[in-house]
Amino acid sequence: VDDGSTDATAALVEARPEMGGALEHVTLRVLRVPHGGKGAAVRAGMLEAQGDLVVFADADMATPPDQLPLLVEALATHEVALGSRIQPDGSDMRATQPGYRRLLGKAFHVLASVWVVGPVKDTQCGFKGFTRAAAQDLFARQQVTSIVFDVELIYLVRVRRYTFAIVPIRWYDKRGSRMRARPGLALRVAW
């Protein structure tokens, strides 16, 4: 989903051989929508997707594509698969992030815990999968369009009583995030 980007990401995708169904069983296309925030872009793509299983991943490829089979495996027995950067041994792949990002993440998790209780400790991992039916239901109900849409999504998963799996994945911090920690952003996130 390209929501008004000014870099060359959409052009890179459009140059792929999968565009327009050129490869058997694979169709890739770029959906262009007006800029409305990360949550709005993800919602647009998820509602447009046609597969039996629907996955979203951050465009920076912080989660490598070889992690996709882990979500697919979890979706064989669950309706939702939530990627997690926290590993079974308790180690946290987010430790490579700058200190201010880790601090903001911890503060955000405390706030998010008001709504997202239970075993979901990594709400912001940008790697989540759904059955198509679950995706259609959940994303049609989604209202938060900012970078914190994941919290509402997990809340909806729990309220709508979807079965979900937490899937530890490999993840690498990619520098260059356009998120800038500012007081205005903090207020919007809190709201």
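In a fully extended conformation the segment linking Ser146 and Ala15 would gain 44.3 nm over its present Cα-Cα distance, using 0.36 nm per residue.
Only alpha carbons enter this Debye calculation for region 32-77, each as an equal point scatterer, and the log10 of I(q)/I(0) it gives at q = 0.21 Å⁻¹ is -0.86. Working note: Karplus 6.51/-1.76/1.60 with θ = phi - 60° gives region 152-168 the couplings 4, 4, 5, 4, 5, 4, 6, 5, 7, 6, 6, 6, 9, 10, 9, 10, x Hz, where Gly and Pro are set to x. Across region 37-52, rounded Karplus estimates of 3J(HN,Hα) from the backbone phi angles (6.51 cos²θ - 1.76 cosθ + 1.60, θ = phi - 60°) give x, 4, x, 5, 5, 5, 4, 4, x, 5, 6, 7, 4, 10, x, 5 Hz, Gly and Pro being marked x.
Panel values: region 123-169, Kirkwood radius from alpha carbon pairs, Stokes-Einstein at 10 °C and 1.306 mPa s, translational diffusion coefficient 142 µm²/s. Per-residue packing, averaged as other Cβ atoms within 10 Å, sorts the ranges 155-164, 122-131, 4-13 into the order 122-131, 155-164, 4-13, beginning with the highest.
Throughout, read-outs are computed from the coordinates displayed, never taken from laboratory work. None of the values given here were measured: they were computed from a predicted structure. As a convention, Cβ positions derive from the backbone with ideal geometry for all residues, glycine included, and neighbour counts pool all protein chains shown.
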